[in-house]
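Working notes, beginning with the structure itself.
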Amino acid sequence: MIDTASLPAAPAFALAATALLLKTTLTSVLQVLSRLRAGVFPIPEDARLLRRPVATSEAAFVERCARVWRNDGENLPMFFAVALAYTLLGASADSAASLFGAYVLLRYVHTAVFLAGLQPWRALSYVAGLAVCWSIAVKSLQLALC
Amino acid sequence: MIDTASLPAAPAFALAATALLLKTTLTSVLQVLSRLRAGVFPIPEDARLLRRPVATSEAAFVERCARVWRNDGENLPMFFAVALAYTLLGASADSAASLFGAYVLLRYVHTAVFLAGLQPWRALSYVAGLAVCWSIAVKSLQLALC
Amino acid sequence: MIDTASLPAAPAFALAATALLLKTTLTSVLQVLSRLRAGVFPIPEDARLLRRPVATSEAAFVERCARVWRNDGENLPMFFAVALAYTLLGASADSAASLFGAYVLLRYVHTAVFLAGLQPWRALSYVAGLAVCWSIAVKSLQLALC
């Protein structure tokens, strides 16, 4: 029905969205498994379900997974927004594949080094991902305004 | 202007986005009302405005609303991303209506049982919503790659 | 390649997404600078990198930046979703420019008054931004259903 040639970057966007969904799904699984392993449940009904006392805070590694999730919740929407703007303005398949691919790779690195607690790698991968977002934004504005 | 036949899933996406905006709006209203009712304000200027002492943490039900919001902030962007990829790749109106409708319904259930503190229903509705996201992602990749 | 006349609101969306990326980038920079200035690091590897003891919580202004980020992480995705629905359904360039522009402006005001700790301005700018989202949603539904 749709003339797929009219939005050549859409397949690259679909791949990037799925790759990032895989990453957040893995973070969720890791968080649940490490919460079960630590046996620490700050939400009353979770504690009740697992017959444990209610905890006042999360276990350290569970809290680390939560920080990864929070960082994704704050940053991925900005990527999706600029990537979709770029896609809708007719970005080429090649340019989208390089930029979206670089962002996905950098966010996988960011998650891995955040979970492992490695600095300055977390800061560097964060800034590099942000730089890719800015490249996409600038290229979108060029298509929008020229 | 636009040939609406070219993106047949766009109306279903607009409906899903609006239904989820309604859900997050209701969560905000509930959070504000329960904060006022509890009279507990951890942000200094809020406490000053309502002539209350500054609290060190949120009231329990306000914290529960915050957890619902946080869960939405982490999960809804992933749905929007895969649903938009699917829409841009020419998903049919029927397929989009079923999948997007199922996701919206499951997130309403998730919010209701999270607020009511019911397990294992929260975990089940969460996993079911995630499974719908994966269905959309897989169908997008089929459209993108075939 | 793409007939840009077919999605007349796409340039306005690209501008709004970039303006909001600028806002969240500035929030990140402010958060990092104020964390360095306060010398308070709750994440162990950050404390180690800067040769500081591990803190049990963030400094007050860093926590305020985190609240701004969290509020953006919860609210910007809802704007992106309804704005993209509106764009895909063929919104006019003028209507999109006014609505998206108003939202961006209100979120800049919200961030400024949140950082400055000014109430009731924070609540008012929040509700006004939400009202703009609802206008976009209602207009999308009109395009979708009529």
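Coordinate-derived values only; no laboratory data. On a predicted model such as this, the values are computed, not experimentally measured, just so you know. Ideal geometry is used to build each Cβ from the backbone, glycine not excepted, and the neighbour counts take in all protein chains shown.
Between C:ARG67 and A:LEU49, the simple label model (points 7 Å from Cα in the Cβ direction) yields a spacing of 3.1 nm.
Which shape class applies to the protein assembly as shown: rounded if a/c is under 1.5, otherwise prolate when a/b exceeds b/c and oblate if not, where a ≥ b ≥ c are the square roots of the Cα gyration tensor eigenvalues? It comes out rounded by the Cα gyration axes.
Over chain C, what is the relative contact order in whole percent, taking alpha-carbon pairs under 8 Å and six or more residues apart? Here the relative contact order equals 30 percent. What translational D, rounded to a whole number of µm²/s, comes out for the range B:1-111 from Stokes-Einstein when the hydrodynamic radius is the Kirkwood one over Cα pairs, at 25 °C and 0.890 mPa s? In µm²/s, the coefficient is 153.
Mean per-residue shielding of peptide A:15-23 is 6, counting Cβ atoms of other chains within 10 Å of each Cβ. Going by neighbour counts of Cβ atoms within 10 Å, the residues B:PHE80, A:PHE114 line up, fewest first, as A:PHE114, B:PHE80. Taking the alpha carbon gyration tensor of the range C:79-122, multiplying each eigenvalue by 5 and rooting it gives semi-axes of 28, 10, 6 Å, largest first.
Computed from the Kirkwood radius of its Cα pairs, the Stokes-Einstein diffusion coefficient for the range B:52-146 at 4 °C and 1.567 mPa s stands at 88 µm²/s. The relative contact order of the range A:1-65 comes to 27 percent, based on Cα pairs under 8 Å that sit 6 or more residues apart. Rounded to the nearest 20, the size of the Cβ-charge dipole of the range B:63-146 about its Cα centre is 160 debye, with Lys and Arg at +1 and Asp and Glu at -1. Think of each Lys and Arg Cβ as +1 and each Asp and Glu Cβ as -1; about the Cα centre, that makes the dipole of the protein assembly as shown roughly 1540 debye.
With the charge dipole of chain C set up from +1 on Lys and Arg Cβ and -1 on Asp and Glu Cβ about the Cα centre, the Cα lying farthest toward the positive end among the listed residues C:LEU30, C:MET78, C:ALA19 is that of C:LEU30. FRET efficiency for the A:ASP94 to C:ALA60 pair, using the beta carbon distance and R₀ = 51 Å, is estimated at 0.60.
Our note on the geometry: Cα centres of the range C:73-112 and the range C:120-142, 9 Å apart.
Within the range B:94-146, the proportion of Cα pairs with more than 13 Å between them is 60 percent. Across all C-alpha atoms in the range A:1-64, the radius of gyration and Dmax reach 19.3, 58 Å.
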